[in-house]
1. If a residue has to be modelled with pLDDT under 95 and of a type in the set (Phe, Trp, Tyr) to count, how many in region 63-78 make the cut?
2. Among the residues in region 93-103, are any farther than 23 Å from Gln57 by Cβ, more than 14 Å from the chain's Cα centre (by Cα), open to solvent by 30 Å² or more (accessible area, probe 1.4 Å) and of a type in the set (A, V, I, L, M)?
3. If you check Thr20 against the conditions, is it at pLDDT below 85 and exposed (fewer than 11 other Cβ atoms within 10 Å of the Cβ)?
4. Just one of (1) under 13 Å from the mean Cα position of the chain (by Cα); (2) over 16 Å from Arg44 (Cα atoms); (3) open to solvent by less than 30 Å² (accessible area, probe 1.4 Å) trips up Lys138, so point out which.
Amino acid sequence: MKKPITHDQMDGNRKSPVGTIHVFDPSPLNWLYILFNTMEEAVRADHKGKIIPSLAQSYRWVTDTIFELKLHKEVVYQNNEHFYSGYVRLNFHQLQRWIAPHPPGTWLNLSKETTLEILDNYTVRFHFPKPDGLAPAKMRAHHLANKLFWQTIGFGYAKLGSAEGHW
């Protein structure tokens, strides 16, 4: 049996396998497993269903229509991209392009009139057109992928020009 080529054979320093793994999963829920194992959100739900910070270190309502996230510093994606407020903006704009970005239900969508304000590298504010008490829970479904994801797979935009129905 032939051994896989390793980085140490290429540059003499590293000892990790080289290559790409392709996985085929016929489950209609495979998008969900991939999503939950490759992306993070600003907040998540704990075992009791309470919304708690994740990529955000904290969140708060500034007014009844402005929701602020303070992001963790020194977060790094799997490909060494450093997470900061620009990624929130990138993902917000990508998801707002969709007619229905959330297969579980449109109640998870942020209003199309919602805008995003970047205060600094680690603070963002969502401005809602009207009070939205579900906004913290909706942030649980607002996935924050890295730039490489959007440049390559992007839920279908890169290949098909649309992500509608291509989760």
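The values are calculated or read from the model by the stated rules, or taken from the named source; none is laboratory data. Owing to the predicted nature of the structure, the values given are computational and were not obtained by experimental measurement. With ideal geometry, Cβ positions are generated from the backbone for all residues, glycine too; neighbour counts draw on all protein chains shown. Note: accessible area is taken over every heavy atom of the protein model, side chains too, but ligands, DNA and RNA are not part of it. Shrake-Rupley method; radii C 1.70, N 1.55, O 1.52, S 1.80 Å.
1. 1
2. yes
3. Yes: the conditions hold for Thr20.
4. It is condition (2) that Lys138 fails.
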